[in-house]
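Enquirer: Handing you this structure, nothing more for now.
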Amino acid sequence: MKTIVLKFGGTSVGSIDRIKKVTKIILSYKKNNRVVVISSAMSGITNELIKKSRMISNNFNGAEYDALISTGEQAACALIAGSLNHYGFKARSWMSWQVPILTDGPYSNSRINKIFTKNLNLYLKSGGIPIVTGFQGINDNLRLTTLGRGGSDASAIMIAKFFKADECIIYTDVDGVYTTDPRLHKKAKKIKQIQYDEMLEMASLGSKVMQPSSVQDAKLNNININVKSSFQNKSGTLITKNFKKKEFSNQIITGISSTKNDAKITIAGVKDKPGVAALIFEPLSKNLINVDMVVQNISPDSKETDLTFTIKSEDVKKTEKIIKGNKRISYRKLSFDKNLAKISIIGVGMITTPG
Ligand code: ADP
Ligand code: ASP
Ligand code: MG
């Protein structure tokens with residue numbers, strides 16, 4: 001008997017009708033396999049919870065923030081389990097702490113480091129279908145943690161790892177990974193197979209169909225991922241190491257990704273001495289601000305430098321406060337530009353193709 005991990009994203013469980021459809025998909029696998037289901041929250045719920053936290057405070061306590069924003073997954077899992085029960089099947093919801101799923105790292109951006117298999121294995125042996133909350137885990141202090149936006153993908157990959165699953169299928173609202181976001185560009189083409197590195201680049205540069213750290217987890221553990229639609233029964237995309245090059249032998253570019261929530265920061269007239277970049281970037285990293293691109297220009301007399309870098313636009317206020325409060329750097333002018341988009345072209349073929 002095969003072990004199959006099925007993950008359903010927010011839109012796939014976004015209404016009662018969708019949950020009924022998902023119930024049928026789960027049952028189509030149940031006949032011959034051990035099935036473990038991971039679910040995200042119903043679409044929009046996590047965003048609503050985040051909004052509520054901001055209405056209370058811009059500096060909402062990290063542990064409480066995760067306790068709050070992970071609640072959507074509990075409701076979705078209970079609804080799926082209840083639907084399976086309704087049709088006479090043995091199923092139940094499993095919160096991360098009941099499995100348990102252990103994480104390390106900061107709140108809002110934790111990573112799964114261990115999943116205990118004993119409880120779920122007993123349940124699977126008894127013929128049950130476990131419906132596990134994606135996106136959440138617990139840390140050493142037994143507090144709830146979350147895995148970053150889109151983190152249910154990582155939950156599915158890590159469940160596949162710890163249960164040595166034969167298949168891991170990510171059910172979403174598009175029928176695979178496309179050359180670019182198919183909702184933005186009608187001409188996007190479906191990619192049948194894509195290797196981990198290219199998927200990782202596409203994901204981290206804005207293709208939100210897979211969460212970047214989940215692709216990294218899949219690569220590190222050599223887990224094949226199938227991305228499929230829960231809306232249409234069509235073949236999807238295989239994300240894998242064993243890439244069959246045949247159909248893409250002349251391919252230079254695999255995909256194009258874009259992001260809209262970037263911001264550019266320029267610190268003009270910084271005294272150019274060794275260690276100045278560290279003085280600027282270290283405090284940002286300590287505050288979990290991710291710096292993406294860095295450009296540095298040296299003035300003709302080599303005494304000053306203009307440093308430009310990009311961050312996520314939600315980090316602008318925090319970054320401004322940190323730089324202005326940093327007495328160890330002197331500069332002439334600090335400027336911010338929130339009106340920025342980034343377009344990235346991805347393809348390993350570019351490495352060996354001039355032009
Ligand atoms: P889920 O809720 O199932 O996790 P997401 O919204 O996180 O789904 O991801 C699916 C969305 O990713 C699609 O609706 C699509 O708009 C977007 N997307 C962005 N880039 C791509 C791409 N290259 N291929 C497919 N989908 C993409
Ligand atoms: N519900 C979470 C989010 O909206 C996790 C996920 O969708 O994978 O980010
Ligand atoms: Mg997602």
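Enquirer: Hey, how much of the P(r) for the range 168-238 falls beyond 21 Å, as a percent of Cα pairs?
Expert: Percent of Cα pairs beyond 21 Å in the range 168-238: 16.
Enquirer: Once R0 is set to 35 Å, what does the formula 1/(1 + (r/R0)^6) return for the Cβ-Cβ distance between Asn59 and Phe116, expressed as a FRET efficiency to the nearest 0.05?
Expert: The formula returns an efficiency of 0.55 here.
Enquirer: Sequence gap of 8 or more, or different chains, plus Cα separation below 29 Å: how many lysine pairs satisfy both in the range 45-172?
Expert: 12
Enquirer: So what's the angle, to the nearest 10 degrees on a 0 to 90 scale, between helix 71-86 and the longest Cα principal axis of the chain?
Expert: Result, in degrees: 20.
Enquirer: Leaving out ligands and nucleic acids, and using a 1.4 Å probe, what accessible area per residue does the chain come to in Å²?
Expert: Using a 1.4 Å probe on heavy atoms only, each residue of the chain averages 53 Å².
Enquirer: Between Asn250 and Ser285, what is the label-to-label distance in nm when each label sits 7 Å out along the Cα-to-Cβ direction?
Expert: Here the answer is 4.4 nm between the modelled labels.
Enquirer: Could you tell me what percent of the accessible area of the range 29-116 is made up of carbon and sulfur, with a 1.4 Å probe and every protein chain present?
Expert: That fraction is 54 percent.
Enquirer: Right, something else. Could you list which residues have their amide H under 5 Å from that of Ile101, counting only those 5 or more apart in sequence or on another chain, with H placed in the peptide plane?
Expert: Amide H neighbours of Ile101, under 5 Å, 5+ apart: Ile138.
Enquirer: Separate question: Carbon and sulfur: what percent of the range 196-319's accessible surface (1.4 Å probe)?
Expert: Using a 1.4 Å probe with all protein chains present, the range 196-319 comes out at 52 percent carbon and sulfur.
Enquirer: Moving on to the next point. Can you pull the accessible area of Glu64 for me, 1.4 Å probe, Å² to the nearest 10?
Expert: That residue has around 90 Å² of solvent-accessible surface.
Enquirer: Only Lys, Arg, Asp and Glu count, each charged at its Cβ (+1, +1, -1, -1), so figure out the dipole size of the chain about its Cα centre, rounded to 20 debye.
Expert: 760
Enquirer: Short version: what are the Cα gyration tensor semi-axes of the chain, square root of 5 times each eigenvalue, largest first, in whole Å?
Expert: 39, 26, 17
Enquirer: Gaussian network model of the chain, Cα springs within a sub-10 Å range: biggest mean-square fluctuation belongs to which of Gln195, Gln74, Gln232?
Expert: Of the options given, Gln232 has the highest mean-square fluctuation.
Enquirer: Quick one: 3J(HN,Hα) in Hz for the range 229-237, Karplus 6.51/-1.76/1.60 with θ = phi - 60°, rounded, Gly and Pro as x.
Expert: Per residue, the Karplus-derived 3J(HN,Hα) values read 8, 8, 9, 10, 8, 10, 5, x, 10 Hz.
Enquirer: What length, rounded to one decimal in nm, is gained on full extension from Lys324 through to Lys20, with 0.36 nm per residue of separation minus their alpha-carbon distance?
Expert: Gain in length upon complete extension: 104.1 nm.
Enquirer: Estimate the FRET efficiency between Met293 and Lys192 by the formula 1/(1 + (r/R0)^6), using the beta-carbon distance for r and 35 Å for R0, to the nearest 0.05.
Expert: Approximately 0.65, to the nearest 0.05.
The values are calculated or read from the model by the stated rules, or taken from the named source; none is laboratory data. Note that the structure is a prediction, hence the values are computed from the model and not measured. Methodologically, a virtual Cβ is constructed for each residue, glycine included, from the backbone with ideal geometry; neighbour enumeration extends over all protein chains shown. To get the accessible areas, we keep the full protein, side chains included, count just its heavy atoms, and leave off ligands, DNA and RNA. Shrake-Rupley method; radii C 1.70, N 1.55, O 1.52, S 1.80 Å.
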